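**Q** Here it is, the structure in full.
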Amino acid sequence: MSSTEPSHPWLAAALDWVMEVGVGTGLNFGLYRDIDELVGIEPDPHMLVRARARTSGLPFPVELHQAGAERMPFPDARFDTAVVTFTLCTIPDPPAALAEIHRVLKPGGRMLFIEHTRSVQPPVA
């Protein structure tokens, strides 16, 4: 995404210190605006290589870590915002991941997420 394209409305506001859970290949990086820093985690080293390539030219620092969401290498209350997009379904222990997100968010911090649900149609599910 180029800097002339509009950002997604839910990412458009100033987010300060942001952690993205499961960055994958870094597709969301170009959507962030007015943040101080982006820290991302991703357990797959091959995805991280692709994500690192997307950090070039961003107007904010990016720190990427190979880590799972169930045990994050961050101190308590480090982040203002956690972003999770279509990731919880890939995490082996979602309740543990959500507890970790809560732990690393500052008091009053927010979690922004988009998820999909399992289809009620058995062949699709």
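**Q** Determine the shape class of the range 85-125: with a ≥ b ≥ c the square roots of the Cα gyration tensor eigenvalues, call it rounded for a/c under 1.5, and otherwise prolate if a/b is greater than b/c, oblate otherwise. Provide the component values of the computation, followed by the final result.
**A** Numbers: a/c = 4.07, a/b = 2.33, b/c = 1.75.
In terms of gyration-tensor shape, prolate.
**Q** While we're here: How large is the direction-averaged shadow of the alpha-carbon convex hull of the range 46-89, in nm²? Mind showing how you got there, number by number?
**A** On the way: hull surface 16.7 nm².
Its Cα hull, projected and averaged over all orientations, spans 4.2 nm².
**Q** Over the range 14-78, give the accessible area per residue in Å² for a 1.4 Å probe, as an integer. Could you put the intermediate results ahead of the total?
**A** Values: 3240 Å² over 65 residues.
Result: 50 Å² of accessible area for each residue.
The values are calculated or read from the model by the stated rules, or taken from the named source; none is laboratory data. Model, not experiment: these values are computed from the prediction. To get the accessible areas, we keep the full protein, side chains included, count just its heavy atoms, and leave off ligands, DNA and RNA. Shrake-Rupley method; radii C 1.70, N 1.55, O 1.52, S 1.80 Å.
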